[in-house]
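See below for the structure under consideration.
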Amino acid sequence: MERLRKLTEADLPLTLNWRNTPSINRYMFNQNIIEMSEHTQWFRRAIEDPAQTLLIFEQRAKPVGYMNYTQRSKGAIVEWGFYVAPDATKGTGTKMALCALQYAFEEIKLQKVYAQVLSYNYASIKLHNNLGFQNEGILRKQHFDGVNYHDIYCFGLFADEWRQTQGSH
């Protein structure tokens, strides 16, 4: 059984470990190694912010991924971000994304989900394309990682587009 549930304080050590793992961290906009105190402060701020939704993806009651939605403007539009456990089986990210899109569009009735993806995160770009997201543009050399500038790919998916493509997943 697969499901999304709210992130709890008990999940913080696990999600911090995932987030700081080099294979995940390299795709973050903030690639600094985060300490537990900072992670806990972030969590406590985020759960009080109505614009933030923090979720854990579970398979057979085992946490295997982290998902968040952030509402950055008025309306039923959110930016999403996510990562899966470093030891997650192949395909976990797709399963989590499909579950998260169903939740977004069918349960909380969002109008649009969008993402910003670093240009070298090929797996995420492929995932967004496979899920039916439309490329909404490229922010050229928008992100500086301390050494190099990188493009950011912008993706968006509307609820009606999701409903049209549901049968193909």
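The values are calculated or read from the model by the stated rules, or taken from the named source; none is laboratory data. Since the model is a prediction, treat every value here as computed from it, not as a measurement. Here the Cβ is made from the backbone with ideal geometry for all residues, glycine too, and neighbour counts use every protein chain on show.
Say we look at region 4-26 and pick out the residues that are within 15 Å of the chain's Cα centre (by Cα), modelled with pLDDT of 95 or more and not in a helix (DSSP H, G or I); which of these is surrounded by the most Cβ atoms within 10 Å (Cβ to Cβ)?
Once the filter is applied, the top-ranked residue is L7.
Please go through region 64-78 and give me each residue that is in contact (Cβ under 8 Å) with a residue 12 or more places away in the chain and surrounded by fewer than 18 Cβ atoms within 10 Å (Cβ to Cβ), ordered by number.
Of everything in region 64-78, those that are in contact (Cβ under 8 Å) with a residue 12 or more places away in the chain and surrounded by fewer than 18 Cβ atoms within 10 Å (Cβ to Cβ) turn out to be N68, T70, Q71, R72, G75, A76, I77.
Residue by residue through region 117-151, note down the ones that are closer than 18 Å to N30 by Cβ and under 15 Å from the mean Cα position of the chain (by Cα).
V117, L118, N121, S124, listed by residue number.
So which of K95, K62 is modelled with pLDDT of 95 or more and more than 13 Å from the chain's Cα centre (by Cα)?
Being modelled with pLDDT of 95 or more and more than 13 Å from the chain's Cα centre (by Cα) holds for just one of K95, K62, which is K62.
Kindly evaluate D87 against the criterion of being acidic (D, E), surrounded by 14 or more Cβ atoms within 10 Å (Cβ to Cβ) and over 16 Å from the mean Cα position of the chain (by Cα).
So D87 does not fit the description; no.
Limited to region 44-63, what total is found for residues that are touching a helix residue (DSSP H, G or I) at 6+ places or on another chain (Cβ under 7 Å) and more than 17 Å from Y103 (Cα to Cα)?
Adding up the residues that qualify gives 1.
Just one of the numbered conditions (1) in a helix (DSSP H, G or I); (2) in contact with a Lys or Arg (Cβ under 9 Å, 6 or more places away or on another chain) is not true of A97; which one?
Unmet condition: (2).
Out of the residues in region 28-49 that are modelled with pLDDT under 95 and not hydrophobic (A, V, I, L, M, F, W, C), state the one that is surrounded by the fewest Cβ atoms within 10 Å (Cβ to Cβ).
N30
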